[in-house]
Amino acid sequence: MNWSNWIYLGAGIALGMVFRQLFVRWLRPKQASLNVSSSSSPVAPLDQQEMPPISQQLQQTHLAYLMAREMSQFKGGFLARTTHELRSPLSGLIGLHQLILSDLCEDPAEEREFIAQAYERTLKLLKLMDEILTVARTEHGTNKLDIQPGSLAQVLEEVYELTYMLAANRNLSLQFLPADPEIYVLADFLWLRQILISLIDTAITQMEEGSICISSNTVPTSNFVNIWFDVPTHAIPWSEPIDLIKSEDQPPGIGQENAALSPGMRLLINQTLVKVMGGKLEILPSTIITKEPHQEISRLQISIPLVIPESELP
């Protein structure tokens, strides 16, 4: 290789190094801008995102679906039973009017008697509708509840004074176990007293013999107090499914003399009111041992929020 070749080789190497330095200087600002934009982007790489496990997402979705389905069934059951409750007295009214319009009355006096019966049943029907409407407004929030702390023992004592004669008139045993006077609950005590009286009255009307025992107990693991109704199993108005609610038309002129809400409807209304107050009304499995071998006992449980003393607040 002669000297000219060495000159060309040196010049090529020098030009390559110069172009390399220029290219590096031109590339550095773009890399810096890319780094800034990637650091400010809210989307992180998949391996850096703290995504919950798929199983946890599926579990939450399934729980939300179950809660929505339960609420839908509850609303549907309330609407179906309300329709059923109002349909029965309406059938009686239609039957009385059919007798009058068909000229089946023997004389004007009998016709006037049928009109009077229809008028009385209309007033009773209006009373039923007002009762259901009051509960619906309370659930919707139109009728505000007066939630205040109060003594549970005092409420149970007032309920006993108002119901013990109902049981005594039917030769039934009504027993209230003493409640802890230091237990205070959060509730609308007007509604709570009415709910307790309604449950006792409903059980008494369904019983021919047996006893009713009301007791209470706090739940150590939660901020609730339980009120227990131990009654014969046949006295509990089990809420029948929607598809089992039958709408039977009554013969003309024959209807209930005293239109009133059925035991199942009253249980559903009481369940709604307890839920609005932040509690829960449920029927527990039969686990109670009684002295009577032929008597099955079931338990109604009302859970009411418990007042927490200030010393125990975090």
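Summary table below
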| quantity | calculated |
| --- | --- |
| Interchain or long-range residues, amide H under 5 Å from S216's placed H | W228 |
| Under the Karplus curve 6.51 cos²θ - 1.76 cosθ + 1.60, θ = phi - 60°, whole-Hz ³J(HN,Hα) for segment 269-277, x wherever Gly or Pro sits | 5, 4, 4, 5, 5, 5, 5, 5, 7 |
| Cut-off under 5 Å, modelled amide H: who pairs with S298 long-range | V231, T233 |
| Distant-in-sequence amide H partners of G150 (H built 1.01 Å from N, under 5 Å) | V185, A187 |
| Positive minus negative residues near L104 (Lys, Arg vs Asp, Glu; Cβ under 11 Å) | -4 |
| Length added when fully stretched, N217-I54, from 0.36 nm per residue minus Cα-Cα | 54.6 nm |
| Equivalent ellipsoid semi-axes, segment 86-139, via Cα gyration tensor eigenvalues times 5, rooted, Å | 30, 10, 5 |
| For segment 129-220, diffusion coefficient by Stokes-Einstein and Kirkwood Rh (Cα), 10 °C, 1.306 mPa s, µm²/s | 108 |
| Calculated from backbone phi, Karplus (6.51, -1.76, 1.60) coupling profile of segment 218-231 in Hz, x at Gly/Pro | 8, 9, x, 8, 8, 8, 9, 10, 9, 10, 9, 10, 9, 9 |
| Carbon/sulfur fraction of accessible area - segment 130-207, other protein chains in place, 1.4 Å, % | 50 |
| Value of Rg/Rh across segment 187-232 [Cα atoms, Kirkwood radius] | 1.05 |
| Cα-projected label distance for Q98 with K144, points at 7 Å along beta-carbon direction, nm | 4.9 |
| Label point distance in nm, R170-L126, each placed 7 Å from Cα along Cα→Cβ | 3.0 |
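The values are calculated or read from the model by the stated rules, or taken from the named source; none is laboratory data. Fair warning: this is a prediction, and the values are worked out from it, not measured in the lab. FYI the Cβ positions are ideal-geometry reconstructions off the backbone, even for glycines, and counts take in every protein chain you see. In case anyone asks, the SASA skips ligands and DNA or RNA and just uses the protein heavy atoms, side chains included. Shrake-Rupley method; radii C 1.70, N 1.55, O 1.52, S 1.80 Å.
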